[in-house]
1. Between F369 and E23, what is the label-point separation in nm under the 7 Å Cα-to-beta-carbon projection?
2. Please give, to one decimal in nm, the separation of the simple spin-label points placed at S340 and E135, each 7 Å out from Cα toward the Cβ.
3. Relative contact order of region 249-397: what whole-number percent is it, with Cα pairs under 8 angstrom and at least 6 residues apart?
4. Fully extended, how many nm does the chain gain between H294 and V229 (0.36 nm per residue separation, minus their Cα-Cα distance)?
5. May I ask you to compute the full-extension gain from E305 to T362, defined as 0.36 nm times their residue separation minus their alpha-carbon distance, rounded to one decimal in nm?
6. Filter K83/K151; K151/K263; K83/K118 down to the pairs with a C-alpha to C-alpha distance above 27 Å, please.
7. In whole percent, what relative contact order does region 74-221 give with Cα contacts below 8 Å and a gap of six or more residues?
8. Could you work out the relative contact order of region 149-248? I mean the mean sequence separation of Cα pairs under 8 Å and 6+ apart, divided by the number of residues, in percent.
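No lab work stands behind these numbers, since they all come straight from the coordinates. Please read these numbers as outputs of a predicted model, since none were measured by experiment. Ideal geometry is used to build each Cβ from the backbone, glycine not excepted, and the neighbour counts take in all protein chains shown.
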Amino acid sequence: MARAVLAYSGGLDTSVAIHWLLERGYEVVAVAVDVGQREDFEEVVRRGTAAGAAEVRVVDAVDRFADGFLARAIKANGLYEGKYPMVSALARPLIADEVVRVAREVGAEVVAHGCTGKGNDQVRFEVAFRVLAPELRVLAPIRDDAIPREKAVALAAEWGIPLAAVASSYSIDENLWGRTIECGPLEDPWVAPPEDAFVRTAPPEARPSEPTEARVAFERGVPVALDGVALPLAELIRRIEELAGRYGFGRVDMIENRRVGIKSRELYEVPGALALITAHRALEDLTLEREVAHFKPGVEQRWAELVYDGLWFSPLRLALDAFVDATQEHVTGEVRLAFSPGSCTVVGRRSERSLYDLSLATYGSGDAFDQSDARGFVRLWGLPLSVWSAKQGAPGS
Ligand code: ARG
């Protein structure tokens with residue numbers, strides 16, 4: 001019997017996909033990759049088995065996700081269209097890689113995913129599958145059979161696929177980096193985000209009124225300690241998310257441009273991701289040389305586009321990461337974050353590698369900046385414009 005390995009979430013679409021593959025004569029190995037989603041994996045295994053999978057494998061990839069993907073996202077201040085920390089985009093290449101590993105192990109001919117044809121995740125999975133395992137056939141039952149959601153719900157009931165989550169009108173993806181929320185009432189961009197869309201950020205009335213602070217330490221651009229306590233990155237992310245979420249910080253409401261050409265309205269709940277990127281940027285302000293600091297945001301934007309667009313496994317992403325790594329050599333130090341209801345702000349930063357030089361910056365005593373140097377500098381800086389206005393006339397204002 002030919003084997004198919006499916007990227008399995010335990011949700012409605014991927015459960016339907018198991019059955020679809022079964023009906024076409026495949027033996028299905030469902031792979032549920034733990035990337036830090038708050039999921040009961042025993043329940044996921046139970047659902048997958050009930051849906052007909054010969055085997056449901058749970059792969060713990062939380063640390064791999066944090067150290068191999070999120071650390072890179074932090075160093076690159078990865079925000080798609082300046083706002084979205086790429087919760088789903090960062091997880092897909094990792095999930096694809098784990099699925100391919102299992103496919104090789106069990107001698108499968110097919111890898112499959114349960115994405116629809118309207119989203120980015122199909123792009124991310126399939127590009128990754130084709131790069132990592134060109135010998136495997138890729139099947140996308142939900143997309144290629146265009147099963148509408150209502151029909152999928154009906155099929156799930158008919159096949160006895162037990163699904164607690166079917167009731168929700170939102171479409172949700174989540175992992176260690178945050179939550180994504182789409183569909184239902186959100187499809188009208190004029191409708192304000194309903195409070196019931198959020199679970200990782202406290203509602204306004206439940207936020208502590210007393211502000212608090214946290215200290216995040218970085219080594220070469222990667223967070224390594226919280227309030228002086230060294231932590232593995234995954235654990236540090238969980239803790240800062242919990243703290244920021246308690247203050248209701250980290251909600252994003254955006255209209256975004258998908259790779260497939262659709263504008264969509266999305267909510268993101270990303271308290272930890274935004275707190276860490278905020279802190280990381282503050283430490284870069286202190287430690288990156290001026291030209292590097294001005295050049296890097298362009299690279300960051302391109303990096304985010306590549307990752308969002310499903311090109312994680314690409315030579316350009318690798319090359320940009322080599323650049324980003326080179327910039328992070330001295331991004332070591334500590335940042336103070338202050339939390340108050342709905343906000344997280346940087347209130348202090350320090351580093352042994354700081355380029356901030358008090359003897360240059362000060363207006364007090366101990367000034368080492370020779371102000372007489374400035375006179376000639378300013379004259380030469382403005383020289384082309386002085387010549388221009390003298391010869392060709394000063395512009396009207
Ligand atoms: N729009 C976001 C992205 O493309 C979120 C996707 C969420 N995925 C999902 N299967 N619900 O990254």
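1. That separation, rounded to one decimal, is 7.2 nm.
2. 6.1
3. On the way: 136 pairs, mean separation 30.6, N = 149.
Rounded, it is 21 percent for region 249-397.
4. Numbers: separation 65, 0.36 × 65 = 23.40 nm, distance 3.22 nm.
Result for the pair: 20.2 nm of gain on full extension.
5. Working: separation 57, 0.36 × 57 = 20.52 nm, distance 4.02 nm.
Additional length available on full extension: 16.5 nm.
6. In this structure, K83/K151 exceed 27 Å between Cα atoms.
7. Dividing the mean separation by the residue count of region 74-221 yields 20 percent.
8. 20
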